[in-house]
Every structure is written in C-alpha cells, then in structure tokens.
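The numbers here are math on the coordinates, done by the rules we state, and not lab data. Since this is a predicted model, take the numbers as computed values, not measurements. FYI the Cβ positions are ideal-geometry reconstructions off the backbone, even for glycines, and counts take in every protein chain you see.
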Amino acid sequence: MASNLELKIPNHVAIIMDGNGRWAASRGLPRTEGHRHGTENLRRILRSSAKMGIRILTIYAFSTENWKRPPQEVMMLMRILETVLDREIDELDREGVQIRHIGETEGIAPYLLKKIQQACERTAHNSQLILNVAFNYGGRSEIVHAVRKIVSDGIPVDQIDEELVNRYLYTEGLPDPDLIIRTSGELRVSNFLIWQGAYSEYYATETYWPDFDEDELLVAIESYSRRKRRFGMTDDQAHDELDATL
Ligand code: IPE
Ligand code: IPE
Ligand code: MG
C-alpha cells in the first residue's frame, strides 16, 4: 500500500460479483453455497462502501443471460434475492440505504417483483447510499428497452441525443459509474452497464467474490486513485478541468 497516495473515493462503484461457483467448487461445496457466501459478502461490502463514503453502489446480481443456467440454480438465485429482501430490508432502511432495481421486470415472478418494488418504495426517501440492484439486467436489453420507449413516446428525431438516451435508461438520473470492479479474474464486461461504463475505470482481481473483503476494496480504490482519467482530452487539459471542479 502506497502510504503517500491520496485516496480518491469514487462516487459510484459498480461490481460484477463473479466467482461464487468456483469459490464453492474449490472447497468441494455445491454452487449454491457459493451464492450463499457471496450474499453474506455483499452485506460486508455494502457496509465498507458506506463507511468509505461511496454514494452509489451498483451490483450485478443476475444477468439476462443467467436464465440459461440450470433451472435449479436459477430458482436458487431467485430465492436468494427473496430471502435477502425479507431478511435485510429493515436494517438497510435503518441505515439509510435507498434500494433501486435496474433491469427487466418481465420474466421475474410476480411475487418477487412485488417484493422488489416494495423494497424500492419503502427506501425511496433514503439518501445515505444508493444501492442499484442489477437483477435480470443486460446492457443490450436496457438499450433496446430505451429505444422502444423513445419511439413509443413519439420523441422527434432531432431531440434524440445522449442526454435523452440517458434519461431512458434504468439508471436515469444517476451519474455513470466511476469504477467497475470484476472479481474472479475474468476480463470481460458480460453485458454490464455497456452504455454507462463508456468511461469507467475498470479493476479486475483474481479473488472470488465471496472472498472479496474490505482490504480488497481498498486496493481497488487505491488503484482507481492512481488512474488518470482523460475522457479523450490531453493530460494537461484533463488536469485543468479537474482543477476547475475542485
Ligand atoms: C456470480 O458467480 C453469481 C452470478 C452470476 C449469479 P457465478 O455463479 O458466475 O460463479 P462462477 O463464475 O461460475 O464461478
Ligand atoms: C456476470 O457473471 C453476471 C453476474 C455476476 C450476475 P457471469 O458468470 O454470468 O458471466 P460470464 O458468463 O462468465 O460472462
Ligand atoms: Mg461467473
């Protein structure tokens, strides 16, 4: 750890929580145990994030492609979300966490969808930390959903720009992720925030999600703190712009 490094805390962190299955397999356990431990870990990382001053945390919990998994695993992942919502909602609400759902609603069983919507409504007034739960989420399907809505709203062509498209995404009103973390060593996006992540910093670690702890989060943030974000500009320009915002 570099002692003289000035930590820059990203405003919005997004995490591809990957490696639950391999974590379990490496211990001779069923994959579901990996998901269970992964869920426990989320609770820890959520607390650590709030403590560090991260304002928005987006977590990839179930992708539109994850429906292709064996039905039993899919069922288990649905059940895990249900259990987490039931078990954690009081505490999350007390801690000022605002829960939001990003993703398709179609395909989610009505009873579960209702629970998700209730959790979002109940915590809508909270402002300590925004927790975006990407569940039944896919970046491509999000863009298709936005295009359909833009067309069905009859938006004239000359009014369609990036800012308008932003407003039609599930992340409407939120800033883009500053840092996207992927655990388990895979170096791919897997359809996560493909529009919003256009200029996000990426951080990948070999660590499986259930083992990704506060120290690892800090290492990710240290790495982020050392990055030079240029957004297409030269180094000097980017520096001047940063100075102007301080
Ligand atoms: C991430 O862990 C959780 C979900 C995708 C729901 P995986 O289940 O993908 O674990 P691996 O990648 O098979 O190890
Ligand atoms: C991405 O992980 C989705 C989630 C973490 C929910 P996957 O395990 O589904 O990604 P691939 O299939 O390895 O790309
Ligand atoms: Mg995986």
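Separation of region 4-46 from region 95-164 is 23 Å, based on Cα centroids. Binning the alpha carbon pair distances of the chain at 10 angstrom intervals from zero yields the distribution 7, 29, 37, 21, 7, 1, expressed in whole percent.
When +1 charges are put on Lys and Arg Cβ atoms and -1 charges on Asp and Glu Cβ atoms, the dipole computed for region 12-238 relative to its Cα centre reaches about 440 debye.
Once you treat every alpha carbon in region 77-190 as an equal point and sum by Debye, what is log10 I(q)/I(0) at q = 0.12, 0.15, 0.16, 0.17 Å⁻¹? Taken in order of the listed q values, log10 I(q)/I(0) reads -0.54, -0.82, -0.92, -1.01. All distinct Cα pairs of region 129-229 go into the 1/r average, and the inverse of that average, the Kirkwood radius, is 15.5 Å.
Treating only the Cβ atoms of Lys and Arg (+1) and Asp and Glu (-1) as charged, compute the dipole magnitude of region 119-223 about its Cα centre; round to the nearest 20 debye.
Details: 7 positive and 19 negative charges, 129 e Å.
Dipole of region 119-223, to the nearest 20 debye: 620 debye.
At most 16 other Cβ atoms within 10 Å and a DSSP loop assignment: could you name the GluC sites (Glu not before Pro) in region 177-246 that fit? Counting only loop positions with at most 16 other Cβ atoms within 10 Å, the GluC sites (Glu not before Pro) in region 177-246 are GLU186, GLU206.
Annotation: the residues HIS145, HIS35, sorted from fewest to most other C-beta atoms within 10 Å of their own C-beta, follow the order HIS145, HIS35.
For region 188-205, 3J(HN,Hα) computed residue by residue from phi via the Karplus equation (6.51, -1.76, 1.60; θ = phi - 60°) reads 8, 8, 6, 6, 9, 6, 5, 7, 5, x, 3, 10, 6, 7, 9, 9, 10, 10 Hz, glycine and proline entered as x. Among ILE15, ILE150, ILE194, sorting on how many other beta-carbon atoms sit within 10 Å of each Cβ, with the fewest leading, yields ILE194, ILE150, ILE15. Going by neighbour counts of Cβ atoms within 10 Å, the residues THR58, THR32 line up, fewest first, as THR32, THR58.
Which of the helices in the chain, when you take each full DSSP H run, stretch at least 30 Å along the axis at their Cα atoms and have an average Kyte-Doolittle score of -0.5 or higher? Membrane-span-like by this criterion, though nothing is claimed about a membrane: 71-94. Simple rule: put +1 on each Lys or Arg Cβ and -1 on each Asp or Glu Cβ in region 129-190, find the dipole, and look at LEU174, VAL151, LEU187; the Cα lying farthest toward the positive end is LEU187.
When the chain is treated as a Gaussian network with alpha carbon springs shorter than 10 Å, the biggest mean-square fluctuation among ASP211, ASP86, ASP235 belongs to ASP235.
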